[in-house]
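What follows is calculated from the coordinates using simple rules that are stated; it is not laboratory data. Just so we're clear, the structure is a prediction, and the values are computed from it rather than from any experiment. Positions of Cβ are backbone-derived with ideal geometry, glycine not excepted, and every protein chain shown enters the neighbour counts.
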Protein chains: 2
Amino acid sequence: MAQDRRPAGRSERRAAGERKPREERWAQLLEVATQMFYEKGYDGASLQDIADRLGMLKGSLYYYIQSKEDLLFEVISEVHREGFAVVSSASQGPGDPLDRLERTIRAHVEHACRNLVPTAVFLHELESLPTARREEILGSGHAYQGVFRDLVAEAQRDGLARPDVDPRVAGLSILGSTNWVYRWFRADGPSTPEEIGVQLAAMAVHGVATAEVLAARGAVVGA
Amino acid sequence: MAQDRRPAGRSERRAAGERKPREERWAQLLEVATQMFYEKGYDGASLQDIADRLGMLKGSLYYYIQSKEDLLFEVISEVHREGFAVVSSASQGPGDPLDRLERTIRAHVEHACRNLVPTAVFLHELESLPTARREEILGSGHAYQGVFRDLVAEAQRDGLARPDVDPRVAGLSILGSTNWVYRWFRADGPSTPEEIGVQLAAMAVHGVATAEVLAARGAVVGA
């Protein structure tokens, strides 16, 4: 597994003397690979391109990975792991399911806006991985979309979401609405990541909540 | 322009005798190219692959197009033209802006679910076209997302949508929520295109409407 080929710990790194520490090289490799996959697509970017941009010999890349596919796997795993950590952490903690849904959407949108390049590679190149490796990343239960679906289902059980909402479709709708920022967000555009997060979260919460709940919450949602 | 290279009219076609009519060949070429771009990606699919699948000589393709890029341009233009016709037609006609928004979303979702392959090629490969050709297709005003944005803005002017909604972001949210079906809809899945359309439209209308309007509309929306 590529995991085993990752750089060794700090003590070994120090022993390497003046050579660039391996962990740092690995982080650089992931960063450059992400950028190259973004610019040229997975098919278009070669290990040679990546080595050239790093100022390394192509052969040296094989210390870290066995193939270009390994590199895509590592890039996509990392993006997914980070994004999922953001989303699952936000979905827990205080508040009713709609509060947590709102917080989770805002966190997800801010994270995606601030990580547009890795997010785009994840969304565009996931299909370039073989099914087994894709499933290894996504998890059997579609964990990412599951966070949104489960919050909607929980809100429904608590009487906070309309009974006619289908939590699965609502979760996918929210995932689409929020992931889509990777196509249109611009750092120099008219809205900040926070403003977009507030808008998308308010639309989703209003989109599923009962009229009674919205009336009771008043101006708090989407204020 | 590729337009000029399209097959000639019916009378010329008849004169061609036993050869396959050109219009039919052109439609087949677009269909096969769409499928190949979907399966292998634009970079991965060659004109040779496309000719092989059509049972044509590669050289014969140059009767219709000058380059693979021309072919992608034609494929993406057609998908966009069709989808935009569906959406703009649904956005007009009777009803207040929220009725029209609901109808437009349903039409868009049903169309996308029933045209998953062309929709995926459009969304994945648009960036493979040079900027000028991309803009030629999309139009300067981002016409597609503009339909949703303008309906939300109109609803807001009429007091039907919440004043804190940003119509631009709302339009993009709806576009993301609805386009996303290309990634998850399955013909053998638990929901029909119509059911998904109803769900996504109801979420969007509730997402932007004022509490008063929703109360007045009662069970009509999303029923």
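In table form, for the structure just shown:
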read-out: Label point 7 Å beyond Cα along the C-beta direction, distances from A:GLU39 to other copies (nm, shortest first); value: 3.2
read-out: Label-point separation in nm, A:GLU31 to A:GLU82, each point 7 Å along Cα→Cβ; value: 1.0
read-out: Burial order of peptide ranges A:119-132, B:108-121 (average beta-carbon count within 10 Å, highest first); value: B:108-121, A:119-132
read-out: Protection-proxy order for peptides B:70-76, A:202-208, each taking the mean of Cβ atoms within 10 Å per residue, highest first; value: A:202-208, B:70-76
read-out: Counted charge near A:GLU110, where neighbours are those whose Cβ lies closer than 12 Å (Asp, Glu -1; Lys, Arg +1); value: +1
read-out: Cβ crowding within 10 Å averaged over residues, with A:38-48, B:172-182 ranked highest first; value: B:172-182, A:38-48
read-out: Two-site FRET efficiency, B:THR131 against A:ALA215, from Cβ-Cβ distance with R₀ of 41 Å, rounded to 0.05; value: 0.30
read-out: Pairwise Cα inverse-distance average, inverted: Kirkwood Rh of the protein assembly as shown (Å); value: 24.0
read-out: Partner chain coverage, peptide A:179-186 - average Cβ within 10 angstrom; value: 4
read-out: Highest-fluctuation residue, A:GLN35, A:GLN145, A:GLN66 considered, GNM on chain A with Cα pairs under 10 Å; value: A:GLN66
read-out: Rounded D (µm²/s) - the stretch B:77-220, Kirkwood Rh over Cα pairs, Stokes-Einstein at 37 °C, 0.692 mPa s; value: 210
read-out: At R0 = 25 Å, FRET efficiency that the Cβ-Cβ distance of B:TYR63 and A:ASP43 yields, to 0.05; value: 0.30
